[in-house]
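A short worksheet on the structure shown next.
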Amino acid sequence: MKHIISALVENKPGVLAHVAGMFAARGFNIDSLVVGRTEDPNLSRMTIVVIGDDRIVEQVRKQLARIIPVVKVQDFAGKAVVARDLMLINIAVPPEKRPEVFALIEMFRGHVVDIGQKSVMVEVSGPETKIEAFIDVCRPYGIKNVARTGTIAMSRQGTSGED
Amino acid sequence: MSPESQPSAPAIEAPATIKTGAQIVVDTLVELGVETMFGYTGGVVLPLFDRLYDAPIRFIIPRHEQGGCHMADAYARASGKVGVVIATSGPGACNLTTGLGTAMMDSVPLVAITGQVRTDLIGNDAFQEADTTGITRPVTKYNSIVKDINDLERTVREAFHIASTGRPGPVLIDVPVDISVGKCKCNGKAAIDLPGYRIRTKGHARQISMAAEAINKAERPVLYVGGGVVSSNASEELQVLAEKAHLPVTMTLLGLGTFDQRRPESLDMLGMHGSAYANYAVQECDLLIAIGARFDDRVTGKVATFAPHAKVIHIDIDPSSISKNVQVDIPVVGDAKHILMELLKEIEYRERGPWFAKIAEWKKKHPFRYDKRAKTIKPQYVIDEICRQTKNEAVITTGVGQNQMWTAQFYKFVRPRQLISSGGLGTMGFGLPAAIGAQIARPDATVIDIDGDHSFNMTMTELATAVQYELPIKVCILNNGYMGMVRQWQELFYNRRYSCSYLKNPNYADVARALGAVGITVDKKEDVPKAVTQMLAEKQPCVVDFRVEREENVWPMVPAGKSLSDMDGLTILESMA
Ligand SMILES: Cc1ncc(C[n+]2csc(CCOP(=O)(O)OP(=O)(O)O)c2C)c(N)n1
Ligand SMILES: [Mg+2]
């Protein structure tokens, strides 16, 4: 099972190496790991998607918390959470197929960010399932390139909104 | 330093002075109470050594950085203070790694300071450059490189704080040479800033009550005690608990000494080479109370069948130890001493007659034994004799292998910090430098390294260090000519094919004399007591080469991956009665 773990870490050199090294040394599987700044220049947020049963993920959480520059660790499993991926995808689209592809992009609320002679680059964001679905519908045209950020997540305060 | 005492900003700013980085390091060490340091010099640490030249710190130079690191480690284990070791960049730092790994696995408070090449050269494959923080990250509790001199003093203070609090461990600070010679304004009061480092000292009250209730109800309880009780100085509370609740106590290798082994409640060591009575008791208990122990595979044997009837209480300061290997029913996270003091308030005495009767029966049937009628020198006999003549009071260090296991089985320890042995990493070569570190920490104690010949071979150069500092350490080599423990496994599991487990040894008495120590060779059984007496009387470092039975095995033995009650060798032991 996939768990989304969010870790607030001190913005210091070596922290990413420490976290990545811990995962490798203890044999935990990372699906994705995203690091980015937060509102506080001293802190970064790491969002890590881990695959494993509850016991393994419990160990992951504890081992992360044990790393000294890691300030706070949260496991979002079972919590109301907004999780998003961002993807850039380059699809092989000859000019005559543009209208049908654009309709698909519209359906997925993507944006065309670049158009070439024989290709279209699209930006799509959303839950991982939506990203995967978009990749699937693009497959018949031919996918030239995919770049994905990996998941970032935040727990919900209210109850409204999508998914 | 207590975990809560993070120094806060001073009310009145002390007047700032201009200091070099080296000065900041050394002044901070002195202020933190460092009296003794171990280490080895080199290019990029020259500024630090120049400041140490007239600092009020005793400096011990090993012959190899690994030795220095083990010395600082044993100094810490013997004294309870933080050990400090320093090494140069590149090869010096690389040589520390075995020592750091040893300290990490056994949770020893240690601060290592390494020199680094100039900050503008870092990453250029400069002369004697190594990615020290990268190399040592998995073998330290924390490490960091100081790239701004304004962070230096704080980093040194943080290193001591992290090393000595919570679950202790080694912390490394990498100091580039331009930082050591650089200058900055400094008021000697840099505050610790570790937002991600919080320690839970006090245990959760409800968990403690649940633990007390389980103990009060248990009919067949066992206390299983590890090195955490040593770190937390909770040995006295442990003894009170065992008395007040009336509980049998078994210890891990690192827990030995926390409970007086001469007392009837002692079940001695458990695990692969533990006592049959400890292993049986664990397998049959209805409540296992683990304190400062981490359910290592050498202790549990096959996890799935470990303590099958027991409810498990686990008291530990490291939350990540809880339910890591064995599922715990009542976890109590916090400092063992605090928790035991709280727990004691709710504990009631219970006779548990049938349980203690059963234990007494196991003890009678399966004591640790060896063949006392043998004509050869049995290694166990040497340890027995050392224990007798030192009246259970010596500080003992060990190598790794059979020598270590026999020491754990046959020396009966009575107080914490008495046995200093590399448990988690199992580092051969630890014994001699550890004896040096322990003797420096405890100048009046009798310090004896009970070593294996091949373990001793690894770091015997440190004998020169013992001679230089006139340390009256004793080294008892249980010389079986073999890597005995490896040979035992080859005998039992590899058809007696003794592949690469034999080396030609030097004459150790000659080696000792050449290095300026006393050397004694013992090859007759009847000479053992006399040699031990002579060794104990020596004021100089003394090496005794006991030519012991070559193919003696350590029994009992739980083969790797088997259940604790599946012990081999019990009939062999019975035949020696
Ligand atoms: C540094 C290191 N290398 C290898 C080992 C693997 N090992 C464990 S015990 C042992 C043999 C130890 O021989 P010796 O010191 O003579 O002790 P004995 O078992 O004979 O008492 C070896 C090679 C180790 N523990 N440490
Ligand atoms: Mg040997």
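The values are calculated or read from the model by the stated rules, or taken from the named source; none is laboratory data. This one's a predicted model, so the numbers in the text were calculated from it and none came from an experiment. Every residue, glycine as well, gets a Cβ built from its backbone with ideal geometry; the counts of neighbours run over all protein chains shown. The area values use the complete protein model at the heavy-atom level, side chains included, leaving out ligands, DNA and RNA. Shrake-Rupley method; radii C 1.70, N 1.55, O 1.52, S 1.80 Å.
Key figures for this structure:
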{"item": "Area of B:M458 that stays accessible when all protein chains are in place (1.4 Å probe, Å², to 10)", "result": "120 Å²"}
{"item": "Helical mean residue ellipticity (222 nm; -39500 (n - 2.57) per DSSP H run of 4+; nearest 500) of chain A", "result": "-8500 deg cm²/dmol"}
{"item": "Accessible surface, per residue, of the range A:2-75 when the full set of protein chains is kept, probe 1.4 Å, Å²", "result": "47 Å²"}
{"item": "Note, ³J(HN,Hα) from phi for the range B:205-219, Karplus 6.51, -1.76, 1.60, rounded to Hz, x at Gly and Pro", "result": "4, 5, 5, 5, 5, 5, 5, 4, 4, 4, 5, 4, 8, 5, 9"}
{"item": "Cubic angstrom per residue, convex hull over Cα atoms of the protein assembly as shown", "result": "202 Å³"}
{"item": "Relative contact order for the range B:17-186, counting Cα pairs under 8 Å that sit 6 or more residues apart, in percent", "result": "29 percent"}
{"item": "Long-range HN-HN contacts of B:G519 with modeled amide H, under 5 Å", "result": "B:R513, B:V543"}
{"item": "Semi-axis lengths (Å, descending) of the ellipsoid that matches the C-alpha gyration tensor of the range A:82-152", "result": "20, 11, 10"}
{"item": "Cβ-derived FRET efficiency at R0 41 Å, B:R415 paired with B:R58, nearest 0.05", "result": "0.95"}
{"item": "Separation in nanometres of the label points that stand 7 Å from Cα toward Cβ, at B:D329 and B:D131", "result": "4.8 nm"}
{"item": "Rounded percent of accessible protein surface that carbon and sulfur make up, the protein assembly as shown, 1.4 Å probe", "result": "52 percent"}
{"item": "Estimated 222 nm signal from helices in chain B, with DSSP H stretches of n ≥ 4 weighted -39500 (n - 2.57), rounded to 500", "result": "-10500 deg cm²/dmol"}
{"item": "Check: chain A dipole with +1 on Lys, Arg Cβ and -1 on Asp, Glu Cβ, in debye", "result": "400 debye"}
{"item": "By accessible area with a 1.4 Å probe, ligands and nucleic acids excluded, highest first: order of B:C94, A:C138", "result": "B:C94, A:C138"}
{"item": "Gain on full stretching of the segment that runs from B:N187 to B:I122 - 0.36 nm per residue minus C-alpha separation", "result": "20.5 nm"}
{"item": "Nearest-ten-degree value, helix B:91-105 long axis tilted from longest Cα axis of chain B", "result": "40 degrees"}
{"item": "Radius ratio Rg over Rh of chain B, counting only Cα atoms, Kirkwood formula for Rh", "result": "0.99"}
{"item": "Size-normalised alpha-carbon gyration radius of the range B:205-365, reference 2.2 N^0.38 Å", "result": "0.91"}
{"item": "Rounded tilt (10° steps) of B:353-365 against the dominant C-alpha axis of chain B", "result": "90 degrees"}
{"item": "Buried accessible area, chains A and B (both chains, 1.4 Å probe, Å² to nearest 100)", "result": "1500 Å²"}
{"item": "FRET E, pair A:R109, B:D286, Förster distance 56 Å, beta-carbon r, rounded to 0.05", "result": "0.40"}
{"item": "Exceeding the 20 Å Cα-Cα cut-off - candidates B:K19/B:K189; B:K372/B:K539; B:K345/B:K412; B:K372/B:K530; A:K2/B:K302", "result": "B:K372/B:K539; B:K345/B:K412; A:K2/B:K302"}
{"item": "Debye, to nearest 20: dipole size of the protein assembly as shown, +1 on Lys, Arg Cβ, -1 on Asp, Glu Cβ", "result": "940 debye"}
{"item": "5 angstrom amide H check on B:N143, placed H, neighbours 5+ away", "result": "B:L172"}
{"item": "Nearest-20 debye value, the range A:2-75 charge dipole, Cβ charges on Lys, Arg, Asp, Glu", "result": "160 debye"}
{"item": "Sequence ranges B:50-57, A:111-118, B:226-233, A:123-130, ranked by mean other-Cβ count within 10 angstrom, highest first", "result": "B:226-233, A:123-130, B:50-57, A:111-118"}
{"item": "Viscosity 0.692 mPa s, temperature 37 °C, Stokes-Einstein D of the range B:379-555 from Kirkwood C-alpha radius, µm²/s", "result": "207 µm²/s"}
{"item": "Relative contact order for chain B, counting Cα pairs under 8 Å that sit 6 or more residues apart, in percent", "result": "14 percent"}
{"item": "Under Karplus coefficients 6.51, -1.76 and 1.60, residue-wise ³J(HN,Hα) of the range A:107-123 in Hz, glycine/proline x", "result": "4, 8, 6, x, 10, 7, 10, 7, 10, x, 4, 10, 8, 9, 9, 10, 10"}
{"item": "Nearest-0.05 FRET efficiency for A:E100 and B:K562, computed from C-beta distance (R0 45 Å)", "result": "0.10"}
{"item": "Accessible-area value, A:E106, 1.4 Å probe, nucleic acids and ligands omitted, Å²", "result": "130 Å²"}
{"item": "Heavy-atom accessible area, 1.4 Å probe, ligands and nucleic acids excluded: residues of the range A:60-83 down by at least 40 Å² from chain alone", "result": "A:K62, A:R66, A:I68, A:V71"}
{"item": "Accessible area expressed per residue, chain B, with surrounding protein chains retained (probe 1.4 Å, Å²)", "result": "38 Å²"}
{"item": "Folded to 0 to 90 degrees: helix B:484-493 orientation relative to chain B principal axis, Cα", "result": "50 degrees"}
{"item": "Anchor B:K337: aspartates and glutamates whose Cα lies under 13 Å away (excluding residues fewer than 8 positions away in-chain)", "result": "B:E236, B:E237, B:D316"}
{"item": "Under Karplus coefficients 6.51, -1.76 and 1.60, residue-wise ³J(HN,Hα) of the range B:169-179 in Hz, glycine/proline x", "result": "x, x, 10, 10, 10, 9, 10, x, 5, 5, 6"}
{"item": "Antiparallel %, DSSP beta bridges [both residues in the protein assembly as shown], to 5", "result": "45 percent"}
{"item": "Cα Rg, Dmax, the range B:339-434, angstrom units", "result": "17.6, 54"}
{"item": "Distance (nanometres) between label positions extended 7 Å along Cα→Cβ at B:D297 and B:D148", "result": "4.4 nm"}
{"item": "As computed over the range A:2-75, the Cα convex hull volume per residue (Å³)", "result": "73 Å³"}
{"item": "Sequence-distant residues sharing a close amide H with B:I330 (under 5 Å, placed H)", "result": "B:V312, B:I313, B:H314"}
{"item": "Kirkwood-based shape ratio for the range B:17-186, expressed as Rg/Rh from alpha carbons", "result": "0.93"}
